[in-house]
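Note sheet for the following structure.
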Amino acid sequence: MPMRPDMPDMMLPGMADYRPPLTPFRPGAGVDPASLAEARPNEMVHLADGDTLVLASGLVRRTIDGKSFVMYGFNGQYPGPLIRVDANTTVVVAFVNGVELPSTIHWHGVRLDNRFDGVPGVTQELVAPGERFVYRVHFPDPGIYWYHPHHREDIQQELGLYGNMLVDSPDQAFWGPAHRDEILMLDDLLVQDGEIAPFGLEASNHTLMGRFGNVMLVNGEPEYRLRIRRGEVVRFFFTNVSNTRMFNLGFGGAPIKVVGGDIGRIEREAFAPGVVIAPAERYVVAVRFDRAGRFPVVNRVQAVDHWLGEFYPTADTLGWVTVGEEAATPDLTEAFERLRHNEDVTTDVARYREHFDRAPDFEAVLTIHAGDLPQGVIQYMSIDTTYFPPVEWNDAMPMMNWVSNGANTRWILRDARSGRENMDVDWTVDRGAVVKIRLRNDAKAFHPMSHPIHLHGQRFLVVERDGVRNPHFVWKETVLVPVGTTVDLLVDASNPGRWMLHCHIAEHLEAGMKLLLTVR
């Protein structure tokens, strides 16, 4: 398997010739990339209430670092079209499936009508190749959202089927002042011997850790570039669309102010040394570049050597912001340095504070069953010195990860009270209920790993982590649960229907890590 030179691998005895029992899958089944149209940079599509957009998936040619690949795209674009609407707008999207796999579209983070949520077997049937499905999408909340398939995400999302939705508030000062907006989708791609590493046809591969890539991408490109004026305040809308990778972003020392998250504004703005963002999460930040020069956009993390239990620093430069000598106008320094307290968020959250300290309504344990893995992997994982960090920033065991698949590894959300697991769990509540959910990530599991847990169709507050009250409230629908951590969520169960709660590491979802919350 391919791996980065700065990451040690553990090649176990007897595993050098092992291959997972899956049929290798690559998109296009032998299609010459030269026969396909080159994917275009994505375009912004402004939609008014009642407008219709045709969104067609299909094969495209992508050229990355001088190498051409057969990949997927929506409307021939990479990422898909940026859909921009006003809050409380309803649009019609006619999805046409032009790839060789069945598919759907999930409107991630949007509190829409349940029948259009895009979950096969729960809200709709799969859309077969060549077929179509018409969605009606209502956008009640300002913020940044995204769309992607909800079937074989490990393949379809990885190959480029994703796009953003920017929902504008009627309040022109909603996010605070900035000179410009930049919308960035963060991703990585796993390349092996000049080709995209094959997927598993019958089931996902790389199921233990998820599919970490070795080529970093911003909006589908290996190097992001932005030219601005000195003193500019840039508002970045970040979405992590990778299968499994966590990012920790910085801007070469330029100050970062967090102003929003998954669903709208944060209660109290705060300066942060970096932006830590798990798969499926979004963050809105303002960054001020106060001097001329080049500022790197860097993903800086502490990678881990599982065998030695040692961390070592690693950094990936995702791009550059070049700042010219000309001063930006108007001067937004004073406004940038002021940390706003968004009273509307405080007022909204206040309605739920009486529920903060009560016992949870539901509890789930995050764990794994992996008894069918090759014996060498099981023996290695059983060694007492093997160290599993709270958050996995890298894949330091690519061979073991590659041989794990949906046939021999099952990731689990277990109801702590009934013992039921995954889709045998259907938590049921009445519409309008305030639901407290406790998630506990079992540190003693066979292979513990951090999990970004996503709840469809609702919004929640992260109330506590390990008994410590959250100081920065923002409405969310995805939360990272590190190894050994217990997280309490308070769900505003206002949207009726059958909604999925699942891990957003694509390979973990494909390996079963999902349950239902039914709002009657």
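So, in segment 241-265, exactly how many residues are under 19 Å from T317 (Cβ atoms) and part of a strand (DSSP E or B)?
Qualifying residue count for the region: 5.
Which of the residues spanning segment 158-200 are part of a strand (DSSP E or B) and either at positive phi or among the charged types (D, E, K, R) (or both)? Spell out how you get there, then give the answer.
Let us first name the residues in segment 158-200 that are part of a strand (DSSP E or B), namely 163-168, 180-189, 191-192, 195-196, 199-200.
Once the filter is applied, which keeps residues that are part of a strand (DSSP E or B) and either at positive phi or among the charged types (D, E, K, R) (or both), segment 158-200 yields D168, R180, D181, E182, D187, D188, E195.
Pairs please, first residue from segment 362-375 and closer than 23 Å to L455 by Cβ, second anywhere and surrounded by fewer than 16 Cβ atoms within 10 Å (Cβ to Cβ), Cβ atoms under 6 Å, 6+ apart in sequence or on different chains.
From segment 362-375, the pairs are E363/A416; V365/A416; V365/D442; T367/D442.
Counting only residues that are among the polar types (S, T, N, Q) and either in contact with a helix residue (DSSP H, G or I) (Cβ under 6 Å, 6 or more places away or on another chain) or under 21 Å from I277 (Cα atoms) (or both), how many does segment 178-204 have?
Total meeting the criteria: 1.
Criterion first (basic (K, R) and either in contact (Cβ under 8 Å) with a residue 60 or more places away in the chain or assigned by TED's automatic domain parsing to the domain that holds W107 (or both)) does R420 satisfy it? Don't jump to the end; show me each part of the working.
Numbers: basic (K, R): yes; either in contact (Cβ under 8 Å) with a residue 60 or more places away in the chain or assigned by TED's automatic domain parsing to the domain that holds W107 (or both): no.
So R420 does not fit the description; no.
Output yes when any residue across segment 401-416 is touching a Pro at 6+ places or on another chain (Cβ under 7 Å), surrounded by 15 or more Cβ atoms within 10 Å (Cβ to Cβ), within 26 Å of L480 (Cβ to Cβ) and at pLDDT below 85, and no when none is.
yes
Among the listed residues L516, L501, which satisfies the condition of being buried (at least 22 other Cβ atoms within 10 Å of the Cβ) and under 24 Å from V241 (Cα atoms)?
Matching residue, one of L516, L501: L501.
Got at least one residue in segment 456-471 being of a type in the set (S, T, N, Q), over 22 Å from F356 (Cα atoms) and in a loop (DSSP other than H, G, I, E, B)?
Keep residues of segment 456-471 that are of a type in the set (S, T, N, Q), which gives 458, 470.
Now drop any that are not over 22 Å from F356 (Cα atoms), which leaves none.
So far as segment 456-471 goes, no, none of its residues is of a type in the set (S, T, N, Q), over 22 Å from F356 (Cα atoms) and in a loop (DSSP other than H, G, I, E, B).
What residue, of N441, N470, is polar (S, T, N, Q) and buried (at least 21 other Cβ atoms within 10 Å of the Cβ)?
N441
Residue-by-condition table, conditions (1) of a type outside the set (S, T, Y); (2) within 24 Å of V403 (Cβ to Cβ); (3) at pLDDT below 90; (4) within 24 Å of the chain's Cα centre (by Cα):
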| site | (1), (2), (3), (4) |
| --- | --- |
| P13 | yes, yes, yes, no |
| A16 | yes, yes, yes, no |
| T23 | no, yes, no, no |
| E38 | yes, no, no, no |
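Only residues that are crowded, with 21+ Cβ neighbours inside 10 Å, farther than 23 Å from V345 by Cβ and not aliphatic (A, V, I, L, M): list them for segment 448-465, please.
Passing the criteria: S450, H451.
Counting just the residues of segment 266-292 that are in a loop (DSSP other than H, G, I, E, B) and over 20 Å from the mean Cα position of the chain (by Cα), which one comes out surrounded by the most Cβ atoms within 10 Å (Cβ to Cβ)?
Ranking the qualifying residues of segment 266-292, first place goes to F289.
The values are calculated or read from the model by the stated rules, or taken from the named source; none is laboratory data. Keep in mind that this is a model prediction, so the values were computed, not measured. Glycine gets a Cβ as well: all are built from the backbone with ideal geometry, and neighbour counts include every protein chain shown.
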